[in-house]
Structures are given as C-alpha cells and as structure tokens.
Amino acid sequence: MRDEVVELGEPDVQQLMELEALCFEYHWTREQFLLGLEGGAYKVIGVRRDGALVGYMAFSLIADEMEVLNLAVHPDCRRQGLGEALLARCFEICAARGIAKSFLDVKVSNDPALALYRKFGYKKIGVRKKYYPDTREDALLFRYDFQQNEG
C-alpha cells in the first residue's frame, strides 16, 4: 500500500466527484471543481493510494491568506493519517508562498475534523449559525497564524 500526495487537475474531476459524493450529502458540482482545476480559483491536492484517489483537499491562496474550502477522505480510509498528510502538504505550499494566516469553517458535529484542525494549531474564532444547507448545523470558524506557530 503506497500513499502519495499529488496536485490534481482537470483529468481528475470524475474521481473527485465520486469521492465527494461518498463523503458528503451536499457535495460540489462538476462546475465547482472545474472552477479550481481549470480556472485556477483554488488549488486541489489529493492522496492516491496505489493509484486510486482516496482523499483530497481544496484550498484558496489569496494575498497572504489560505482558506480551507474542503477536505474529504474516503470512508474506508479514515483514521489512517490521510487528512493529516493533506493538511501538512498544504502547509508546505503555504510556507513556500509566505502565507501568514489560514481560515476554515467546519460543522459543529464533525469531531474528526475538529480534532485534526486543533492538532495543527487552529483556534476557534467564531460561529455561523445554521450555516450548512444540508443539516442547518452551525459552522465553527477557525484561524491559524503561520508566524505565531513557526518553530
């Protein structure tokens, strides 16, 4: 079993959509993926296990900020460090670009994601009430400061 974190492109859109549908009730459309993959609105990195896409992360880089847009791991591959591998690779990209801070939102009920982001040093900065359209759950807002967490 070999895992590899790679940058994804337009040829990967079908696999991305299939993984997204496995992971989320309310999922991104082909057009939303193509906006990033072709249009450059955001970056998408993925984890391939023996060639199969088993996880991905979409994030935007604007000025000195990074925003986590989505992070998904195949249900059969969770709790194996793939989310950590994706976030670590994203942080490497951010360091190379001189990114100062990162933001994200996450469902209040998503305990595995909350644990991952807290492990990486994200701090809660707010709440968006009934933010998610599929469940009407609150979103917790998080921030990470790269300069404060160096070393």
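Laboratory data are not the source of any read-out in this text; all were calculated from the coordinates shown. Predicted model only: the values in this text are computed from it and were never measured. FYI the Cβ positions are ideal-geometry reconstructions off the backbone, even for glycines, and counts take in every protein chain you see.
Quickly estimate the mean residue ellipticity at 222 nm for the chain, helices only: each DSSP H run with n ≥ 4 gives -39500 (n - 2.57), and the total goes over all residues, rounded to 500.
Per the formula, -9000 deg cm²/dmol.
Treating the beta-carbon of each Lys and Arg as +1 and of each Asp and Glu as -1, no other charges, what is the dipole magnitude of the chain about its Cα centre, to the nearest 20 debye?
That gives a dipole near 620 debye.
Find out how many positive minus negative residues lie around Leu140, taking Lys and Arg as positive, Asp and Glu as negative, among other residues whose Cβ is under 9 Å from that of Leu140.
Neighbourhood net charge equals +1.
May I have the extent of the alpha carbons of the range 3-145 along their three principal axes, as whole Å values ordered from largest to smallest?
Here the Cα extents, ordered largest to smallest, are 37, 36, 30 Å.
So how strong a dipole does the range 36-102 carry about its Cα centre when Lys and Arg Cβ are +1 and Asp and Glu Cβ are -1, to the nearest 20 debye?
With Lys and Arg at +1 and Asp and Glu at -1, about 160 debye.
Using alpha-carbon pairs under 8 Å, 6+ residues apart, how would you state the relative contact order of the range 1-62 in percent?
40
Under the definition of Cα pairs under 8 Å and six or more residues apart, what whole-number percent is the relative contact order of the chain?
Normalised by residue count, the contact order of the chain is 18 percent.
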